[in-house]
Structure formats: C-alpha cells, structure tokens
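**Q** What follows is a single structure, and I will ask about it in a moment.
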Amino acid sequence: HILSSHPVFLARRLRCEISALSGRLYRARHNLELLRRDGYPERPYELAEAFVYDHLAMRFGIAPHSAKAGRSELDLEISHPYAGVEYTWFRDNLDRRNWRTKGKAGLSLTQAIRLEARAGYGEFRQTGNGTSASNATPTVVSGDVKIRESFVGARVGIRHEPEDMERSPISLTAGLERHEFRGDAEFEEWLYMAELALRPTLAVDIMLQFDHDMIPSARSVAAEVAYDRYAYNAAYLLRDWWILWNNLAYFDIGDGNDRMHAGLSSLWEVSEETGFQFGIAYDYVDAKYDREDYWTPYRLNELWLVAKLRNNISELYYDITLKAGLARESVRPEEEAAYDALVISAAALDFDPGAAPKSEWVEIFSASAAIRKNIGRHWEAHWEGFYTEAPNYHEYATTAGISLIF
C-alpha cells in the first residue's frame, strides 16, 4: 500500500520501534495511536503493534522477542554459544574476606531452552571469635578461619512467548551446583536456585526467586550454616519517566535465625538524553537473633535520597547510583536487659554503668556502578562494584568478567 511508505508514517513507525526497544511503553503506545488515527494501513499497523509488544525491554533482563516464523519454540536449533570467566571479591567490617573465580559456557538448544555449565573455586576467610550455630545450637568458632571452595553445576533457562501479543514472555531459570568445602571445614553440599520472571501487564514486571545457599561467612560455613531465601521483586512503570520498585525477601537460616528485607523506591527521570534519574527509597531489615558471623540488624529503618546516571554510548553501557540518607536501628531487648542488670550491679558496687544503649538516626551512604563494554564483534567485558553502609556495619564488593560470544 502506498500509504505505508509515506515519510510521516515511516517516521512514526520508527519511533514506535525505538521506544519499544528502550522500554518506553507509553511513548510507543502514543505513536501507535497516531498511526491508527491517521489511517495507517491495517496490515503494516498489525506488524508495528506486534513489534512493540514483542520487543518492549523488561526491567529484569528478559531478552526481547526471539521466535522465528514457522518454527516451534521446541524445534532443535543450536545457537548463541558463549563462554566466559568472572572474578568476585568481597569485604565487610565483620572481617569477612571472600573471593570466587567462576567459568561458564552455554548455548541455546531451541528458541525456548538455554543450557549453561559452570565451575569455579574460591575462599571464605574470617578472623576473630564468633557465635555460629548449626541446627540452632550455638558453637564458638575462633581464630583465623579459612575455607576453600570448589564447585561444578549447571543451569537451564526456559522461555515461553504466549500467542497473545499483549502478554510478555515468561522466563524460568533453575540451577543446581555441587560444592566442596575444604580447610577448616570438610564437607559437601548441594546448592540450588530457581527464578521466574514475568509481566502480568505491560506496565508491571515481576521476578520471583528462591535459592538455597551457604551463609557467606567463613565461621558460618565452618558450622555448615545454610539458608533458604524467598524473594519478590517488582517494577511498576507509571509513566515512561516514573518507575516504582518494590522488593521483599525472607531468609530462613539454618542456625535457627531468620532475616527479612523490604524496600520501596520511586525514581523520576530528570534528563532522557543523559539518563539521569532522581528519587527516594525506603528499606527495612530485621533479623530475629544477633550473630557476630554475619549481618543481623534489628528493626533497621533506612531513608534514602537516590541519584542515578544510566546510559548507553558507543557500545558502552554504564549505570552509576549514589545514595545518601538516614538510618536508625532499634536496641535489642537482650541489650536493654543486660544494661538493666548492669545498673543494678552498679548501684550495689558503687560504679558508673555508663550510658544506656539507645536508638538514634545516623547518616549513611551507598554507591554502586556497573559497566558493560562490547569489544569487537564477539567479546564483552563487564565490571560491577558497590559500597554500602548501615549503623555499625559496612560492606563492599566488586565483580569483573569477560565473555566470548560466538
């Protein structure tokens, strides 16, 4: 149809496609409405609409539309092989010193199924005295605890693209790894995970996660303390320039402890050209029992101001986030009881018990950055790093890796 080649229609269709690829749902819909209003031919319009719904970028990293006409999702078609290596380094003020090197390789068996094999080794190290627990029984682990780790495993990813084009793909990933621990601990453990990402509506992305893993603390690993984590993450695109994030996580820890995380943030885009965003965030973390081996805050409330700069320039993607705010952690009942007992002893023995433990607001800061760079046609390098702090605690970590994509 001659109208489908009109420069105005071609420009609007191009804006639809670019908007979809950048995740700008409302702009893409607006341009579709303009095409229909101005009489864009039916068949080209259906193709443009299908492109928008198939390629809308998801906030949790599900790849865009990949189905090929005339082929089933389960038809064998080996493609997209890749291989890579990655190194991770972690420190905190509980003297946890961990590192891990990992290699991975994978490919797509069909349009819907992807397999990945992975293997690696690393180390957990921690100095000082701690009160780890195994099977809810506290045990004292002291000195310089050093544990070497090696592992091998696999992951499978399954992706389904529904026929209804207004519904986004669903992605399920599951993994299983066999870990061996040597040094100050001698045992083996099966660790596993599952992750489901979906989009119930075009403006809402959801990710559900479960994983069974070891507490990343040498003293906890020495006591064979594992955890089960259940997590919910959601992104709500209220406008192309306004997004809400929500997360919930519950840790069921093998030493009888548990920990809950909850968070809500709102980000507004200030500059589309530079990718600058500004917003506010609230986080809540609460652990049932105090542990010296890993982070166990008690009724911690954090209020943040957030500044984010994210963009993609000349095949260089970067995401930089700075957060500053206030935090307050409540005093545990056992600390209050211990101080009350100290006051009684002080009165009897005539000495100053000192100031009572108190809960007060303190300043906190966090910074994170991620960089991804394509090198030539087949190589991709990435780096991520973060620093974050809370009352009486801080941690920092970095990850770097390179992948060969055939």
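The values are calculated or read from the model by the stated rules, or taken from the named source; none is laboratory data. All figures in this text were calculated on a predicted structure; none of them were measured in a lab. Cβ: placed from backbone, ideal geometry, glycine included. Neighbour counts: every protein chain shown. For accessibility, only protein heavy atoms count, side chains too; no ligands or nucleic acids. Shrake-Rupley method; radii C 1.70, N 1.55, O 1.52, S 1.80 Å.
**Q** At what distance in nm do the modelled label points of residue 358 and residue 405 sit from each other, each positioned 7 Å from its Cα along Cα→Cβ?
**A** About 5.6 nm, to one decimal.
**Q** Would you mind pulling out the separation of the Cα centroids of segment 285-361 and segment 194-262, in Å?
**A** Cα centres, segment 285-361 to segment 194-262: 21 Å.
**Q** I would also like to ask the following. What's the extension gain from residue 370 to residue 21 if we count 0.36 nm per residue and subtract their Cα-Cα distance?
**A** That works out to 123.6 nm of additional length.
**Q** Okay, moving on. When the accessible area of segment 242-322 is split by element with a 1.4 Å probe, what percent falls to carbon and sulfur?
**A** So the carbon and sulfur contribution to the accessible surface is 60 percent.
**Q** What accessible surface, in Å², does a 1.4 Å probe find on residue 296, ignoring ligands, DNA and RNA and rounding to the nearest 10?
**A** About 10 Å², rounded to the nearest 10.
**Q** Let me ask something else about it. Of the trypsin sites (Lys or Arg not before Pro) in segment 309-395, which ones lie in a loop per DSSP and count no more than 12 other C-beta atoms within 10 Å?
**A** Of the trypsin sites (Lys or Arg not before Pro), the ones in loops of segment 309-395 whose Cβ has at most 12 other Cβ atoms within 10 Å are 358, 377.
**Q** Segment 326-406: which GluC sites (Glu not before Pro) are DSSP loop and have at most 11 other beta-carbon atoms within 10 angstrom?
**A** Passing both the DSSP loop test and the Cβ count: 360.
**Q** Explain nothing, just the number: relative contact order of the chain, from Cα pairs under 8 Å at least 6 residues apart, as a whole percent.
**A** Computed over the chain, the figure is 11 percent.
**Q** How would 340, 95 line up by accessible area, probe 1.4 Å, largest first?
**A** Ranking 340, 95 by accessible area, largest first, yields 340, 95.
**Q** Which value, in Å², gives the accessible area per residue of segment 149-220 when a 1.4 Å probe is used on the protein heavy atoms?
**A** 45 Å²
**Q** Among the listed pairs 104/288; 308/373; 102/288, give every one whose C-alpha distance is greater than 30 Å.
**A** Pairs exceeding the cut-off: 104/288; 102/288.
**Q** Dipole of the chain (Lys/Arg Cβ +1, Asp/Glu Cβ -1, origin at the Cα centre): which of 249, 81, 232 lies farthest to the positive side?
**A** 81
**Q** Near residue 240, within a Cβ-to-Cβ distance under 12 Å, what is the net charge of the other residues, with Lys and Arg +1 and Asp and Glu -1?
**A** Result for the neighbourhood of residue 240: +2.
**Q** Further, regarding this structure: With all protein chains present, calculate the accessible area of residue 368 using a 1.4 Å probe and round the result to the nearest 10 Å².
**A** Residue 368 exposes around 50 Å² with every protein chain in place.
**Q** Determine the sum of side-chain charges near residue 396: Lys and Arg each +1, Asp and Glu each -1, restricted to other residues whose C-beta is under 15 angstrom from that of residue 396.
**A** Neighbourhood net charge equals -1.
**Q** Same structure again: In debye, nearest 20: dipole of the chain around its Cα centre with unit charges on the Cβ of K, R (+) and D, E (-)?
**A** 1720 debye
**Q** Looking at segment 246-355, which chymotrypsin sites (Phe, Trp or Tyr not before Pro) are DSSP coil and have at most 12 other C-beta atoms within 10 Å of their C-beta?
**A** In loop regions of segment 246-355 (DSSP not H, G, I, E or B), the sparsely surrounded chymotrypsin sites (Phe, Trp or Tyr not before Pro) are 351.
**Q** Just need the relative contact order of segment 227-349 here, percent rounded to a whole number, with Cα pairs under 8 Å and 6+ apart.
**A** 15 percent
**Q** Given Cβ point charges of +1 (Lys, Arg) and -1 (Asp, Glu) and nothing else, what value in debye, to the nearest 20, does the dipole of segment 283-406 about its Cα centre take?
**A** The dipole magnitude comes to about 940 debye.
**Q** Of [x] -0.59, -0.71, -0.99, -1.30; [y] -0.78, -0.96, -1.29, -1.40; [z] -0.69, -0.83, -1.15, -1.47, which one was derived for log10 I(q)/I(0) by the Debye sum over Cα atoms at q = 0.09, 0.10, 0.12, 0.14 Å⁻¹ from the structure shown?
**A** [z]
**Q** Given 154, 112, 264, which one lies farthest toward the positive end of the charge dipole of the chain, if we put +1 on the Cβ of every Lys and Arg and -1 on the Cβ of every Asp and Glu?
**A** Result: 112.
**Q** 222 nm [θ] for the chain, helices only, -39500 (n - 2.57) per DSSP H run of 4+, per residue, to 500?
**A** -5000 deg cm²/dmol
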